[in-house]
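Contents: one structure, followed by commentary.
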Amino acid sequence: MKAILYYVHDPMCSWCWGFSAALKKLLGTLPRDIEVQRLLGGLAADSDVPMPESMQQQIKSNWLRIEDSIPGVRFNFDFWSKCTPRRSTYPACRAVIAARNQGKENDEMMTRAIQKAYYQQARNPSDYSTLIEIADETGLSVPEFESDILSTETEKTLKAEIQFSREIFAESFPNLILQVENEIYSIPIDYNNSHIMLDKINTILKRNK
């Protein structure tokens with residue numbers, strides 16, 4: 001029985017940041033024969049337009065709600081005064097792919113580094129200059145990263161992952177989809193209890209044995 005757990009996310013998704021601790025616990029307790037694949041869902045396409053004030057207020061409210069509902073998660077609200085926000089997360093998604101090209105383990109590493117830059121250091125990952133700085137800080141080859149982040153291959157990969165995410169009905173983030181053979185199952189996200197998600201996964205696996 002082949003089983004794959006897809007984690008569909010966006011590095012600039014605030015709820016994905018809130019989900020980090022529970023996800024780490026879940027992945028650390030999964031049955032060893034489950035393959036885990038990370039997919040970039042692509043939250044917001046490229047844009048050079050400053051974010052409208054109404055959208056800024058909506059996202060700030062989301063940050064406050066996440067802080068209230070997930071213990072230990074904090075945001076640096078200086079971002080909203082220090083940066084010019086744009087509704088544009090595809091550059092950060094491309095950065096994850098470019099980092100992944102230098103080693104599969106860099107997918108999670110770059111995602112985490114982007115989240116820390118955005119949510120804790122009040123830096124803007126919608127800007128390629130910020131993403132290049134992060135690549136340098138994390139020890140990646142900057143010339144290779146700069147070449148890959150804007151390559152046609154990276155763009156193809158991003159579009160393919162977004163399309164596949166839609167095909168498995170992962171249209172919100174974070175999202176967990178379990179595929180067992182040819183069947184797919186949505187795993188409800190629990191931000192504070194990884195055991196609930198693990199129990200759901202184990203129940204599905206037992207049912208398919």
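The values are calculated or read from the model by the stated rules, or taken from the named source; none is laboratory data. Keep in mind that this is a model prediction, so the values were computed, not measured. Cβ atoms come from the backbone with ideal geometry, glycine included; neighbour counts cover every protein chain shown.
Summary of computed values
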{"item": "Asp136 vs. criteria over 17 Å from the mean Cα position of the chain (by Cα), buried (at least 21 other Cβ atoms within 10 Å of the Cβ), modelled with pLDDT of 95 or more and not polar (S, T, N, Q)", "result": "no"}
{"item": "Of the criteria (1) outside any loop (DSSP other than H, G, I, E, B); (2) small (Gly, Ala, Ser); (3) crowded, with 22+ Cβ neighbours inside 10 Å, which one Ser129 fails", "result": "(3)"}
{"item": "Residues of the stretch 82-116 that turn out to be over 15 Å from Glu161 (Cα atoms), touching a residue at least 24 places away in the same chain (Cβ under 8 Å) and in a helix (DSSP H, G or I), as a count", "result": "11"}
{"item": "Qualifying position, being over 30 Å from Leu178 (Cα atoms), loosely packed, with under 12 Cβ neighbours inside 10 Å, out of contact with any His (no Cβ under 8 Å at 6 or more places or on another chain) and at pLDDT 95 or above, among Ser61, Ser47", "result": "Ser61"}
{"item": "Filter result (touching an Asp or Glu at 6+ places or on another chain (Cβ under 7 Å) and either in a loop (DSSP other than H, G, I, E, B) or surrounded by fewer than 17 Cβ atoms within 10 Å (Cβ to Cβ) (or both)) within the stretch 27-44", "result": "Arg38, Gly41, Gly42, Leu43"}
{"item": "Given (1) at pLDDT 95 or above; (2) more than 19 Å from the chain's Cα centre (by Cα); (3) over 28 Å from Pro50 (Cα atoms); (4) not small (Gly, Ala, Ser), index of the condition Asn208 fails", "result": "(1)"}
{"item": "Residue list for the stretch 134-161, restricted to those being among the hydrophobic types (A, V, I, L, M, F, W, C) and not in a helix (DSSP H, G or I)", "result": "Leu140, Leu150"}
